[in-house]
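Here's the structure we're looking at; comments come further down.
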Amino acid sequence: MSTKVTSIGLKGLEGYRVQVEVQVKSGLESIVIVGLPDASVKESKERVSAALNSIGFPLLDMKVTINLSPAEQKKNGPLFDLAIAIGMLKAGNFLQSSVLEDAGMIGALSLDGTIHPVEGMIAAVLAAKRLKLKKLYLPFDPNLPHIEIPDLEFVYIQTIQDVIAALHGQQCLPFLPPVNQTNESITIERDFNQIIGHTFAKRALEIAASGGHYVLMDGPPGCGKSLLAETFPSILPPLSKEEQLEKVSLYQLVGAPPNSLTLPRYRHPHHSASAVSIIGGGTNPKPGEVSLAHHGVLFLDELGEFSKKTLDMLRQPLENEKAVRGDRDFVPHLNYLI
């Protein structure tokens with residue numbers, strides 16, 4: 001018997017639908033995963049098998065084949081553990097209820113059947129919205145901001161038994177740790193209003209802020225170019241809820257929490273910074289300064305001191321509004337001021 005469960009794959013911040021197809025046949029006990037899985041996805045068969053065995057669903061005399069579609073996209077991370085487990089239960093006739101096509105499942109499994117949050121949860125949630133899913137099963141993460149998206153129902157689960165109960169129509173009310181939802185007090189260290197003079201330059205920056213234009217400032221050392229740039233984010237509007245989620249998901253990819261949720265980000269890399277640190281990339285590709293300035297300001301001080309290679313590599317993000325390194329599209333629609 002074969003079955004399909006919907007999950008979400010990530011390429012940077014760009015999410016796409018992944019159909020987890022599971023087929024179970026009688027035969028020598030084995031689990032095979034195809035569809036360009038990386039090492040972390042291949043290891044999921046051991047996690048899922050141990051988790052199902054620990055909750056009373058041993059895979060005895062079953063040959064399991066798992067296909068992650070689309071097959072041409074490389075899959076990475078333990079994001080598919082929950083979908084694989086539910087697919088194996090359904091294909092093995094352990095689960096009688098149907099799994100809806102417009103319901104997605106994300107989360108990593110531990111060996112006792114507990115479901116844990118993973119890197120890129122917010123990016124996956126935003127992708128679920130774009131994919132027009134109606135329901136999303138996911139583990140609760142107290143470190144992430146409160147998420148409310150119209151037309152998308154969140155089902156927070158802690159164990160595989162919670163998912164089974166929810167699929168059978170039982171109300172799932174797992175214990176969720178309290179989350180502090182205090183309103184953030186906006187503290188601006190350097191305010192644009194505190195600058196005296198520079199009327200022409202301030203007028204240019206105000207026009208750039210209102211229209212989303214780039215600005216090139218030229219002048220002798222010490223005339224106030226850096227000060228104007230540092231105060232520039234203070235005249236930008238606060239980030240919307242969706243922009244805040246995109247900001248948090250980007251910083252989650254690099255493992256550094258943002259200083260503020262509502263204030264636009266200000267990034268100012270040194271001119272000796274490498275092209276990889278500015279554009280993004282590396283052996284395990286991570287976002288660079290261009291992506292981290294999404295919905296904010298990227299200040300390139302001493303522009304002429306940057307290497308020619310770095311400036312040439314900035315052309316593509318400026319023209320296409322995308323930061324692409326290797327096979328990862330970190331931000332599908334870059335929006336920043338430079």
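Read-outs: derived from the displayed coordinates by stated rules, not from any lab. Quick caveat: nothing in here was measured; it's all calculated off a predicted structure. Cβ sites come from the backbone with ideal geometry, for glycine too, and all protein chains shown count toward neighbours.
Structure notes:
- The packing ranking, built from the mean of other Cβ atoms within 10 Å per residue, places the peptides 269-276, 145-152 in the order 269-276, 145-152, highest first.
- Whole-Å semi-axes of the chain's equivalent ellipsoid (Cα gyration tensor): 46, 22, 14
- Rounded to the nearest 20 debye, the dipole size of segment 192-329 about its Cα centre is 120 debye, using +1 on the Cβ of Lys and Arg and -1 on the Cβ of Asp and Glu.
- Where only alpha carbons of segment 192-329 are counted, the Rg and the Dmax (Å): 15.5, 47
- Residue range of the chain that is longest and free of chymotrypsin sites (Phe, Trp or Tyr not before Pro) which are both DSSP loop and sparsely packed (at most 13 other C-beta within 10 Å): 1-174
- Computed over segment 2-167, Kirkwood Rh from alpha-carbon pairs, angstrom: 15.6 Å
- A simple rule links phi to the HN-Hα coupling: the Karplus curve 6.51 cos²θ - 1.76 cosθ + 1.60 with θ = phi - 60°, which for segment 49-60 gives 4, 5, 5, 5, 5, 6, 9, x, 10, x, 9, 8 Hz, with x for Gly and Pro.
- Overall dimensions of segment 63-157 as given by Cα atoms, namely Rg and Dmax in Å: 13.7, 41
- Candidate lysines for bridging to Lys25, where Cα separation is under 29 Å - those fewer than 8 sequence places away on the same chain excluded: Lys4, Lys42, Lys45, Lys63, Lys74, Lys75, Lys90
- With a Cα cut-off of under 24 Å and a minimum spacing of 8 residues unless on different chains, the lysine pairs in segment 192-329 number 11.
- Among beta bridges that DSSP assigns inside the chain, antiparallel share in %, nearest 5: 55 percent
- From the alpha carbon centroid of segment 102-151 to that of segment 10-64 is 19 Å.
- Taking label points 7 Å from Cα along the Cα-to-Cβ direction, Leu36 and Ser97 give a separation of 3.4 nm.
- Taken about its Cα centre, the chain carries a charge dipole of about 520 debye when Lys and Arg each add +1 at the Cβ and Asp and Glu each add -1 at the Cβ.
- In this structure the amide hydrogen of Lys75, modeled in the peptide plane, comes within under 5 Å of the amide hydrogens of Asp38, none closer than 5 places in sequence on its chain.
- Computed about its Cα centre, the charge dipole of segment 2-167 is approximately 420 debye, with only Lys, Arg, Asp and Glu carrying charge at their Cβ.
- Selection from Leu68, Val118, Val48 lying farthest towards where the dipole of segment 2-167 points positive, charges on Cβ: Leu68
- Under-5 Å amide H pairs with Val215, H placed in peptide plane, nonlocal only: Ile338
- In loop segments of segment 106-166 as defined by DSSP, the trypsin sites (Lys or Arg not before Pro) with at most 14 further C-beta atoms inside 10 Å of their C-beta are Lys132, Lys134.
- For Lys286, distant residues with modelled amide H under 5 Å away: Gly281
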